[in-house]
1. Measure of size requested: the Rg and Dmax of the stretch 7-130, with Cα atoms as the atom set and Å as the unit; please supply both.
2. Using just the helices of the chain, give the 222 nm mean residue ellipticity in deg cm²/dmol: DSSP H runs with n ≥ 4 each add -39,500 (n - 2.57), and the total is spread over all residues, rounded to 500.
3. List the residues whose amide H sits under 5 Å from the amide H of I44, counting only those 5 or more places along or on another chain, with H placed 1.01 Å from N in the peptide plane.
4. May I ask for log10 I(q)/I(0) of the chain at q = 0.08, 0.17 Å⁻¹, from a Debye sum over the Cα atoms as equal point scatterers with solvent left out?
5. Pairs K130/K267; K174/K252; K146/K174; K113/K146: which are spaced more than 26 Å apart, C-alpha to C-alpha?
6. Could you order peptides 149-157, 11-19, 42-50 by the average number of other Cβ atoms within 10 Å of their residues, highest first?
7. Quick one: compute a quarter of the convex hull surface over the Cα atoms of the stretch 100-176 and quote it in nm².
8. How high is the relative contact order of the chain? Use alpha-carbon pairs under 8 Å, at least six apart in sequence, and give a whole percent.
Amino acid sequence: MTLGSKTSFSALPNDALVGMFDSGLGGLTVLGRLLHLRPGQPCIYVADTARVPYGGRSEAEIRSIAAEVASYLKMQSCQALLMACNTTNALALDVAQEHAGAPVVGLIDSVAKRLRGRRIGVLATPATAKSGAYGKALRAANGNIKVLEVGCPFFVPAVELNDLGSPQLRAAAKSYLQPLLAADVEAIVLGCTHYPLLKALLRELIPTHIELVDPALAAVDVLSELLAAPTLNSKQASAFSGCRLLVTGDPKAFAVGVERWLGFSPKVEHVSLQQPG
Ligand code: DGL
């Protein structure tokens with residue numbers, strides 16, 4: 001069941017455990033949004049840094065990763081899965097749904113229902129752009145729409161290395177934006193959860209009338225509709241009190257990124273997901 005689109009679902013308790021995963025730092029933009037709206041929400045975030053980036057991998061690899069991580073989150077008793085990675089959302093939403101054993105809230109469907117306009121640009125990983133998933137979802141929600149999807153292979157590795165504006169990155173960004181600006185788009189969807197971390201650079205390179213759209217906002221709203229309203233007590237919880245962070249690569253390096261982007265010093269646990277052999 002996809003919950004970017006509205007499907008009837010009995011409400012989950014307000015303290016339902018929410019599972020999330022991404023290849024690395026990007027999904028923190030979704031986690032940050034969730035915990036801003038619902039401080040203290042119990043959640044498990046898996047950063048699969050041992051396999052970052054996902055966006056240059058084959059469809060088969062991406063689908064197998066989605067199966068592994070969604071199954072792991074099911075074993076942890078997650079009661080909902082909030083997609084924090086567009087690449088697995090684009091190529092393996094059905095796989096995540098099959099393995100999560102819980103409602104799955106997608107980024108792509110969620111934002112497609114909300115976006116209006118006639119010419120929309122999408123910046124995404126090469127795998128997401130090639131899949132055409134944004135174009136399909138946006139056209140399904142709003143038939144009369146032109147969608148241009150551009151793959152941006154330099155962005156995720158740069159963000160993971162905390163390069164947010166080197167001359168090389170700036171040149172790459174200009175070349176990715178060029179066809180969107182030439183098509184006079186009204187909005188640009190940040191179709192990879194790492195890209196909101198490059199918002200300052202992108203904003204500098206585009207005219208002010210073009211909106212930059214972060215799908216996390218729509219997806220977190222869709223998830224919130226599934227969860228019972230926060231209680232008075234839960235509203236006063238500290239944002240990260242219910243959050244577990246797991247990483248397949250180096251926990252220390254990831255903790256530095258979390259501190260940088262979310263402003264708290266987390267405990268990060270190492271987890272091994274890949275089946276032996
Ligand atoms: N942040 C993820 C996404 O939204 C994955 C990026 C990657 O690892 O290539 O697509």
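Quick note: the coordinates plus some simple rules give every number you see, no bench work behind them. Source: prediction; values computed, not measured. Neighbour counts run over all protein chains shown; Cβ positions are idealised from the backbone, glycine included.
1. Values for the stretch 7-130 (Cα only, Rg and Dmax): 14.3, 43 Å.
2. -13000 deg cm²/dmol
3. Amide H neighbours of I44, under 5 Å, 5+ apart: V18, G19, M20, R244.
4. Taken in order of the listed q values, log10 I(q)/I(0) reads -0.30, -1.42.
5. Beyond 26 Å between Cα atoms: K130/K267; K174/K252.
6. Working: 149-157: 20.9, 11-19: 18.6, 42-50: 22.6.
Descending mean neighbour count gives 42-50, 149-157, 11-19.
7. Values: hull surface 26.3 nm².
Seen from a random direction, the Cα hull of the stretch 100-176 projects 6.6 nm² on average.
8. Numbers: 555 pairs, mean separation 76.6, N = 277.
Rounded, it is 28 percent for the chain.
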